[in-house]
Amino acid sequence: MNKRSFLSFLIFFVSHIIYAQELPPENTTRFFNLGVGYTLPKFLDHSFSTLRYQGHAVSATGGFHFRAPHRLHHLDFRFDYGQLSNASNFATVDYFRFEGNYAYKKFVKNLWKDRLQWFVGGSFNSLWTLWIYQGFVNNSYNNSVYASLSPNTSFVYHFELFQRQFRAEAAVFIPILTFAMRPSYGTTRFPGFLDDDRDDTLRQIWESGQFASFNKFFRYSNTISLEYFMKNANRLRLSYEWNFLRYQEPRVVNAASHNITIATMFNF
């Protein structure tokens, strides 16, 4: 497709969205979601290595969405597994990531023609990451846990195209308070703590954590999704998420990921 053809198609697509008939507010709905996807992760963690790593991972997602005309409850989970390497392919790292998020948002106002809706609320966001490289003698397991409270906002747009209904959403959260647990990586034990003589693993994990705000911990997550309404009341959902994290204790870690997921939303 040349540039002129692509531009013509884009104008046609946008004009049909803009001038489509106005749709009534969405009724109360409940969905159980299951999906699969692909993740492109990158990280630089000075507790693990001075090299930058990136690679590929597969994703499995699940969740529950309750939606009413004036409020949203979203509970979402995602698990990633893949392998990462540095630029020189010196080492291959096994990559594990689990994320769980609960968001509650209330309707604020209609921004355009009763179809572009603005929701604002808060969320609880949890993230666990594990990077494993058996070639390291003293820090094979790089294990981190983050639990955050965040303001959360989203813009929801309903439209009709080719006599089919769609729902688009853009959502963002940025934590304001986080409890971060990052062990000190002095041994090859899974928790990674300096004291091998202690058996109270859970207490040691808790003692490794501290509360942090913007000055030490920053995370940004932006999700864009498109839902296609099926005739059986279920939906297909295509979503893209960009996630960035920076934490400075005990050593600087930067982690980012691009994720694209396709899911089926089962109405019940």
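The ranking of THR129, THR28, THR223 from fewest to most other beta carbons within 10 Å of each one's beta carbon is THR28, THR223, THR129. When LEU44, LEU236, LEU127 are arranged by Cβ crowding within 10 Å, least crowded first, meaning fewest neighbours, the order is LEU236, LEU44, LEU127. Distance from the Cα centroid of region 109-173 to that of region 70-108 is 9 Å (rounded to whole angstrom). Each label point was placed 7 Å from the Cα along the Cα-to-Cβ direction; for LEU161 and LYS106 their separation is 3.3 nm. Using the Cβ-Cβ distance between GLN210 and ASP94 with R0 set to 25 Å, the FRET efficiency works out to roughly 0.40.
No value in this document is a laboratory result; all are computed from the given coordinates. Model, not experiment: these values are computed from the prediction. Please note: Cβ atoms are built from the backbone with ideal geometry, for glycine as well, and neighbour counts cover all protein chains shown.
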